[in-house]
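Below: the structure, in structure tokens.
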Amino acid sequence: MELIFEIGSKGRHLSLLPECDVPKVELGEKYRRTDAPHLPELSENEISRHYTKLAGRTHGVNDGFYPLGSCTMKYNPKVNEEAAALKGFNRIHPLQDPSTVKGALKVMKMAEDALCEITGMDAFTMQPSAGAHGEFTGLLLIKAYHTDRGDMARTKIIVPDSAHGTNPASAAMCGYQVVSIPSGPDGCVDLDALRAAVGPDTAGLMLTNPNTVGLFDKNILDITKIVHEAGGLCYYDGANLNAVMGIVRPGDMGFDCIHSNLHKTFSTPHGGGGPGAGPVGCKKFLARYLPGLCIEEKADGEFDLVKAPGSMGSVKAFNGNFLVVVRALTYILMMGKEGIPEASSNAVLNANYMRVKLSDDFKMAYDTTCMHEFVMDLSPLVKETGVNALDVAKGMLDYGIHPPTMYFPLIVHEALMVEPTETEPKEVLDQCIDVLHEICDIAHTDPDYLHGAPHDTVIGRPDEVEAARHPVVRYTWE
Amino acid sequence: MGSFVPNTKEEREQMLREAGYESFDDMFSVIPEEVRLRKPLDLPSGLSEMEALKVMEDLAACNKVYREIFRGAGSYDHYIPAIVKSVTSKEEFLTAYTPYQAEISQGILQSIFEFQTMVCELTGMDVSNASHYDGATAAAESIPMCIDRKHKAAYVSATTDPKVLEVMGTYCFGSNTRLVTVGEADGLTDLEDLKKVLAEDPEAACFYVESPNYYGNLEDVEAIAEIVHGAGAKLVLGIDPIAQAVIKTPRELGADIAVGDGQPLGMPIAFGGPYVGIMATTTDMMRKLPGRIVGETKDHDGRRAYVLTLQAREQHIRREKASSNICSNQDLCALTASVYMASMGPDGMKEVAEQSMAKAHFLRDELVKAGLTQKNCAGEFFNEFVTDCPMGAEALMAALDEKGILGGLPLDAETVLWCATEVNSRSAILEVADTVRSLM
Amino acid sequence: MALFFTKTHEWLLEGDDNTVTIGITNFAQEELGQLVFVNLPEAGDEITAGDAFADVESVKAVSDIMSPVSGTVLEINEELLDAPELINDAPYDAWFVKVGEITYHEDMLSEDEYNTFVEEEKA
């Protein structure tokens, strides 16, 4: 279809602004722009249709099943949007006096209290914008702690080889060396490898539990103990929190700090890649290093914004993605103490139901009870038919299903990671199970059909090699 | 209580049985007993949608919404066209995730490609990423783009927004990068100081300056670029995307990287977020740019197609050697900015910029007539400026507050940073001046 | 001039005056798939035997290229920066760097030894 720059014509415009009622001023020549930017010239109708067309070429949770492992693509309740659209949240300036934004401060405080209770932490900052941003912030808490104690020898962060790529990248941004430790054959942390890796240079450990293969690491108390005894701290990557709310808390597993993805666990929309929010929580002894402004409840029940005494500074200009926090709080209020564990229990149930029903045709990377997601190992299928994980994923597109996460974690070859979430009805799961069985049959009878998939989408497989070799990253006018 | 789990109790029990479990507790027996939470969460009981919305409405009602806002300092109250809100509330855009599967994500990918093009047009740069968290993080992440074995120190002007400076400092604490502030003179970067400190430091990697800067003043960026490049360092320019419609592009001015906050392009001020970071650079530095980048290519039938490209820069491939840990972008905000720019068009963007500048200058004139004195003003300004406030900033703000007006930002007890945009009315500006007069 | 190989799949051509030219083998480019970019050092950089001196990118992976020698980079093949496909098309022509002032050589394989090694790797 056309780009927005290829429609409309010179002189078309909307009627948005009144005439200026004060004298205009002109910038000096030294500063003045002489050539106008090439921007679209369109009527409102054309803009509306252009984006409606683009929306039609986009698959969201609302369009169909989206079992994208480690991304928790649950349904996004509409009431969240209604709350976020309230003028009292939308049209308040971040630098208003705290006495004029009592409601906003209370929103942040209520969200903080709920997250503390759910994760077993003592304080939270809402400033980080995303999971990776939260990891960075959490590691800076660890760095600030060691620096404050004058313990400058702690230069290493331990990360399992199954970790998200953001973990080592975040550690590197904090000036740490990354020590990758191998997972055991059960997909969990190899305790001997961990014991061998820790020492006086250990700043901390980054871990998810359930881990990235969807299993609950039963040695978790030993793991955090080993790190603590070596003088390191434990960071919990909250990417998989949707599995365990109300079941087990990171704070009770020995973790010192955590990020939580509001856009995964707490139902705020992913927005095509953001804005999300990655609030960071910590135990009391780390709270003094939190970034941004913390909300303090005064004796009279009012709230104030204060800087933590040993604050690392700020990781974002203002108070974080506030409207995302509004949405998450709305969700938390509706769920309450009963609904939150119910969400996790059913996320785990849906995953295990699918895992068991798919175990006949597909090899499970770890054939045991999973948490909210599971990983299939398609290497036997590749051997038998030549159809790989990518082909299966592309085949699913023709059935209107967003494929699972492909080729992650790296420790499983030909991985497909399935996370159904709790908001899918049984018949959607059944349909996806049927589709995967059918694709498995096609792999055996007509593998070329899958090599050529998808067949019914607006484009076929794009040439990514050419895109990367000779990047075209903007439109240019003739 | 509320719930978004569709399956009934009977269906859940059936599914448990089919998966081989007697109960939920049986399923969770893989979790060691000693870490299980064996008490209910200490949270209130869940609410119905009607009750939850009421709680949120009551909270929203506790915030004061001003009818006129003369405060900017990184968050700007501009008019948001109705079409912007309509497009960005489309569920497909709202509920999708990062476009990993290009075949069913062409809509999002194309919209990012269009965003990248508009950012390039606005800044004159060659390449833009798919957006960053906000302007401050974009500024902070421009530093590692400039660092190499020989260039290890980052310099920043004292005329920088202090919040941006703080974020840069925090990122530099992380990466163990030396961050040095260059002095200011009369609201502008002190060029002599800049020349001196850069000449003394062969390790200088980059210099960050904003134009308009924190005080609203336009910097002599061309002169700065000459000094910075002369010292073998890169110039990172912080921009206001609205101002960019009327002031010379970063490219023309000699910047190597342009960053800024895209909030003025259709995003509500919303207590500070979500906003969106703009980040653009030259072809030479393209592979150092952090974040998602969308590229154009073809599918096997020769149809035009868009994909996430240059991915080998990114964390999921390069891990600890990646240029950044950023995983997502602020896609819906980037879309907001695109729809805003499309609905304004080149003339509309210019009009917003000119009206903002006109209102700010009118406000300055009226405040001066009322008895205030403009401060820190060696050059020209865009839509923000600083005055003294002999009656005390607190007293003036309180008097304006009573009229439903949010005054400028007090920088100290007797200094105020003012801002005006196209949404401020002439009558409100006169009201502010009258209030000042009444307190003189 | 003699051609040598490493177990990390680089080739090395000895030149005059204590210089060598380094590239990657045909087996390496086949394993890596279609290459989309190469990061090269700069002329004048010191490189160390056993350390990475460059990396190559495919669409979904990045791989380090290890140096079998310690020395100083004299020249880089700038053509590869714009056309990484040359490495796939003709790996033994698509040299990465010329290195001089060599102070250390790792033990290397002859062509026969390398071919045997690759056969073992495949098995």
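The values are calculated or read from the model by the stated rules, or taken from the named source; none is laboratory data. The structure displayed is predicted, hence computed values, not measured ones. Here the Cβ is made from the backbone with ideal geometry for all residues, glycine too, and neighbour counts use every protein chain on show.
Residue pairs whose Cβ atoms lie under 6 Å apart, separated by 6 or more positions or on different chains, with the first residue in segment A:109-122 and assigned by TED's automatic domain parsing to the domain that holds A:Leu241 and closer than 11 Å to A:Ile258 by Cα and the second surrounded by fewer than 21 Cβ atoms within 10 Å (Cβ to Cβ) and of a type in the set (A, V, I, L, M), do not occur. Residue check: B:Asp77 meets all listed conditions (1) under 22 Å from A:Gly460 (Cβ atoms); (2) within 20 Å of the chain's Cα centre (by Cα); (3) among the acidic types (Asp, Glu) but one, namely (1).
Comparison of B:Gly254, B:Gly230, B:Gly238 shows that the only residue that is surrounded by 21 or more Cβ atoms within 10 Å (Cβ to Cβ) and of a type outside the set (Ser, Thr, Tyr) is B:Gly238. Within segment A:303-319, the set of residues being closer than 16 Å to A:Gly103 by Cα and either facing chain B (nearest Cβ under 7 Å) or not aromatic (Phe, Trp, Tyr) (or both) comprises A:Asp304, A:Leu305, A:Asn319.
Considering only residues in segment A:180-226 that are assigned to a strand (DSSP E or B) and of a type in the set (S, T, N, Q), the one that is farthest from A:Cys370 (Cα to Cα) turns out to be A:Thr202.
The set of residues in segment B:171-210 being among the charged types (D, E, K, R) and in a loop (DSSP other than H, G, I, E, B) consists of B:Asp186, B:Asp190, B:Glu200, B:Asp201, B:Glu203.
Of the residues making up segment B:211-247, those that are away from every other protein chain (no Cβ under 14 Å), touching a residue at least 60 places away in the same chain (Cβ under 8 Å) and assigned to a loop (DSSP other than H, G, I, E, B) are B:Tyr215, B:Gly232, B:Ala233. Going through B:Pro268, B:Pro212 one at a time, which residue ends up being farther than 21 Å from B:Thr189 by Cα and modelled with pLDDT of 95 or more? Just one listed residue meets the conditions, B:Pro268. Looking at A:Leu68, A:Leu105, A:Leu39 in this structure, which one is at pLDDT 95 or above and closer than 30 Å to B:Ala393 by Cβ? After ruling out the rest, the residue left standing is A:Leu105. Is there any pair linking a residue in segment A:399-425 that is within 12 Å of another protein chain (Cβ to nearest Cβ) to one that is part of a strand (DSSP E or B) and among the small types (Gly, Ala, Ser), with Cβ under 9 Å and at least six apart or on different chains, and which? Matching pairs, first to second residue: A:Pro404/A:Ala415; A:Thr405/A:Ala415; A:Met406/A:Ala415; A:Tyr407/A:Ala415; A:Phe408/A:Ala415; A:Pro409/A:Ser183; A:Pro409/A:Ala415. B:Lys163 meets all of the listed conditions (1) of a type in the set (Lys, Arg); (2) within 24 Å of the chain's Cα centre (by Cα); (3) over 30 Å from B:Arg313 (Cβ atoms) but one, namely (3). Within segment A:1-31, the set of residues being at the interface with chain B (Cβ under 7 Å from one of its Cβ atoms) and under 20 Å from B:Ala358 (Cα atoms) comprises A:Leu16, A:Leu17, A:Cys20, A:Asp21, A:Val22, A:Pro23, A:Lys24, A:Val25, A:Leu27, A:Gly28, A:Tyr31. Restricting attention to segment B:307-325 and to residues that are more than 9 Å from chain C (Cβ to nearest Cβ) and among the polar types (S, T, N, Q), the residue that is surrounded by the most Cβ atoms within 10 Å (Cβ to Cβ) turns out to be B:Asn325. On the basis of being surrounded by fewer than 24 Cβ atoms within 10 Å (Cβ to Cβ) and touching a Lys or Arg at 6+ places or on another chain (Cβ under 7 Å), does B:Gly124 make the cut? So B:Gly124 passes the test. Taking the numbered list (1) surrounded by fewer than 19 Cβ atoms within 10 Å (Cβ to Cβ); (2) facing chain A (nearest Cβ under 7 Å); (3) not in a loop (DSSP other than H, G, I, E, B) in turn, B:Gly20 passes all entries but (3). Candidates are the residues of segment B:132-166 that are of a type in the set (Ser, Thr, Tyr) and within 21 Å of B:Pro212 (Cβ to Cβ); the one that is nearest to the other protein chains (Cβ to nearest Cβ) is B:Thr137.
Yes or no, residue by residue, for (1) in the same structural domain as B:Tyr215 (by TED's automatic domain parsing); (2) surrounded by 22 or more Cβ atoms within 10 Å (Cβ to Cβ); (3) part of a helix (DSSP H, G or I):
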site: B:Val386; (1), (2), (3): no, yes, no
site: B:Met391; (1), (2), (3): no, no, no
site: B:Ala395; (1), (2), (3): no, no, yes
site: B:Asp401; (1), (2), (3): no, no, yes
site: B:Pro410; (1), (2), (3): no, no, no
site: B:Leu417; (1), (2), (3): no, yes, no
site: B:Thr421; (1), (2), (3): no, yes, no
site: B:Asn424; (1), (2), (3): no, yes, no
site: B:Ala433; (1), (2), (3): no, no, yes
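Across segment B:290-305, the number of residues qualifying as over 17 Å from B:Ala334 (Cα atoms) and either more than 9 Å from chain A (Cβ to nearest Cβ) or in a strand (DSSP E or B) (or both) comes to 7. In this structure, is A:Thr457 under 29 Å from the mean Cα position of the chain (by Cα) and on the phi > 0 side of the Ramachandran plot? Criteria not met by A:Thr457. Out of A:Val348, A:Val356, one residue alone is free of Cβ contacts under 8 Å to residues at least 12 places away in the same chain, within 11 Å of chain B (Cβ to nearest Cβ) and either more than 27 Å from B:Pro99 (Cβ to Cβ) or buried (at least 24 other Cβ atoms within 10 Å of the Cβ) (or both). It is A:Val356. Residue count for segment A:433-475, restricted to those that are within 11 Å of another protein chain (Cβ to nearest Cβ), among the small types (Gly, Ala, Ser) and farther than 25 Å from B:Glu114 by Cβ: 2. The number of residues in segment A:451-478 that are touching a helix residue (DSSP H, G or I) at 6+ places or on another chain (Cβ under 7 Å), touching a residue at least 24 places away in the same chain (Cβ under 8 Å) and not aromatic (Phe, Trp, Tyr) comes to 6.
Does at least one position in segment B:42-56 carry a residue that is free of Cβ contacts under 8 Å to residues at least 12 places away in the same chain and closer than 26 Å to A:Ala317 by Cβ? Yes, that holds for at least one residue. For segment A:85-102, the criterion of being out of contact with any helix residue (DSSP H, G or I) (no Cβ under 6 Å at 6 or more places or on another chain), among the β-branched types (Val, Ile, Thr) and either facing another protein chain (nearest Cβ under 7 Å) or closer than 23 Å to B:Gly404 by Cα (or both) is met by at least one residue. Within segment B:74-111, restricting attention to residues that are under 15 Å from A:His402 (Cα atoms) and of a type in the set (Val, Ile, Thr), the residue that is surrounded by the most Cβ atoms within 10 Å (Cβ to Cβ) is B:Ile108. One residue stands out among those in segment B:248-270 that are of a type in the set (Val, Ile, Thr) and within 8 Å of chain A (Cβ to nearest Cβ): the one that is farthest from A:Asn319 (Cα to Cα), which is B:Thr249.
Condition check: part of a helix (DSSP H, G or I) and hydrophobic (A, V, I, L, M, F, W, C). Does B:Ile278 satisfy that?
no
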